[in-house]
Amino acid sequence: MFYSAFEILKQGLTGNKGWKPVWRNPELKTEYDVIIIGGGGHGLATAHYLAKTYGITNVAVLERGYLGGGNIGRNTTIVRCDYGQPGNSEFYSHSMKLWEGLSQDLNYNVMHSQRGMLQLCHSDEQVGSYRKRANMINARGDEAQIIDRETIRKRAPYIDLDNARFPVRGGLWQKRGGTARHDAVAWGYARSADSRGVDLIQNCAVTGFDIVNGQVTGVQTTRGAIKAKKIGMAVAGRSSEVGAMAGLRLPIESHVLQAFVTEGIKPFIDYTISFGMGHFYINQSDKGGLVFGGDLDMYNSYAQRGNLPRVEQVAEASMAMIPAIGKVRQLRSWGGIMDMSMDGSPFIDKTHIDGLFFNGGWCYGGFKAAPASGAAFAHLIATGQHAEYASKFRLDRYKTGHMIDEAGTGASPKLH
Ligand SMILES: Cc1cc2nc3c(=O)[nH]c(=O)nc-3n(C[C@H](O)[C@H](O)[C@H](O)COP(=O)(O)OP(=O)(O)OC[C@H]3O[C@@H](n4cnc5c(N)ncnc54)[C@H](O)[C@@H]3O)c2cc1C
């Protein structure tokens, strides 16, 4: 079904009875050409690009829960392309280009909003490091600039520029940064993959791998064995757990990251803004809620909820940056299981097992990465070659000394 203004009009005039389910509920087959484990943003995007770009449609996406129930539906929706390190820099630049055509590509409104991203600097040293970052972004062809206090005051008068501890000295402004509707991204990719013949199988957890003479031949699941000679793992926070089922020891730890949403208020914060003296970022959703988050809870966990010390840190940072926020009531909070790599950068690679491919280690950046990650993972699975813009995301980079050192710890360290 093609979504269009005409279709809305037609359905509206005929009692809205003709809308079809956004994806099918297919029978599980015993064998596929490709299996993707994980129905999150990266798994669904991979299925879409496998089908659309490479014509590979005999594909199953196996999801242990429901589609979009993982981090793709739990994040704070920030999309930007201002990464500094070679490797990440070209990758996120490519992802932004895919974002800019994504709603059209999927025929599904992912509500991508390039409202602008402002990252505050609170010391001269930080202005200097962000200036270097702006230069790198501009040299790559993506636009960014340093703006001064007066410009920030005009654009965002609610920011406490003269905070006694964290006075604002300037900011890094990226016009093309912004947000998108997180679960619409999962649904859009799911709908597109399904419409091209991909089977999306929910409530089907992978419990083991079948490996014969170093070649993967299938998976064991809670719904029985399924054969495939090519299998892609995209299970984010469960990477080390699922990897261990195939004997992989991955350089990834699982940590909780929380997100918070307030009651809906009138439009107030026009941009996505991050605080430079701690890890805090905020935007306002189209429904009016302020959406914000901070650092990891900093202990290993598979729980999708966090603890109070991080709530306190996030509240402190928000009050230091926007004191008026103290009057808004928080409505909801939740956690997601983050796949944190040791250098803060991801992996899209083959494993030592023939036919088994790995995608993970997305740390704080996996939402904005989903389009390019899906495209690059599909390319790797279909052709056996690394896409150029994702060619540095190798599993052996700690051994070979080719770390992509974004640190993975927040706003400033190593320009993450
Ligand atoms: C609170 C929070 C805020 C964030 N904010 C941002 C942000 O503003 N910008 C940004 O770019 N990134 C952000 N991120 C990071 C981003 O959301 C993730 O990096 C990204 O969504 C991870 O990839 P994914 O979508 O494929 O993961 P998920 O959606 O988690 O998908 C993985 C799927 O694998 C499934 N799975 C696991 N084990 C199995 C199994 N054995 N069998 C079958 N299926 C299995 C899971 O159920 C899950 O659905 C945030 C994350 C969190 C938690």
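The values are calculated or read from the model by the stated rules, or taken from the named source; none is laboratory data. Here the structure is a predicted model, which means the values were calculated and not measured. Counting neighbours? That spans all protein chains shown, and the Cβs are built from the backbone with ideal geometry, glycine included.
Restricting to the range 204-262, name every residue that is more than 11 Å from the ligand (Cβ to nearest atom), in the same structural domain as residue 365 (by TED's automatic domain parsing) and among the polar types (S, T, N, Q). Matches in the range 204-262: 213, 215, 217.
Please indicate, with yes or no, whether at least one residue in the range 88-98 is more than 13 Å from the ligand (Cβ to nearest atom) and either within 30 Å of residue 207 (Cα to Cα) or assigned by TED's automatic domain parsing to the domain that holds residue 269 (or both). Within the range 88-98, not a single residue is more than 13 Å from the ligand (Cβ to nearest atom) and either within 30 Å of residue 207 (Cα to Cα) or assigned by TED's automatic domain parsing to the domain that holds residue 269 (or both). All conditions but one from (1) more than 15 Å from the ligand (Cβ to nearest atom); (2) out of contact with any strand residue (DSSP E or B) (no Cβ under 6 Å at 6 or more places or on another chain) apply to residue 31; the one that does not is (2). Each residue in the range 220-243 was checked for being assigned to a loop (DSSP other than H, G, I, E, B) and surrounded by fewer than 20 Cβ atoms within 10 Å (Cβ to Cβ), and 3 of them qualify.
I need the full set of residues from the range 162-189 which are in a loop (DSSP other than H, G, I, E, B) and touching a strand residue (DSSP E or B) at 6+ places or on another chain (Cβ under 9 Å), in order please. Steps first, answer last, please.
Filtering the range 162-189 down to residues in a loop (DSSP other than H, G, I, E, B) leaves 162-169, 175-177, 180-181.
Within the range 162-189, 166, 168, 169, 175, 176, 177, 180, 181 meet the criteria.
Would you list the strands (runs of 3 or more DSSP E) that sit entirely within the range 291-402 and hold 3 or more residues that are within 12 Å of the ligand (Cβ to nearest atom)?
330-341
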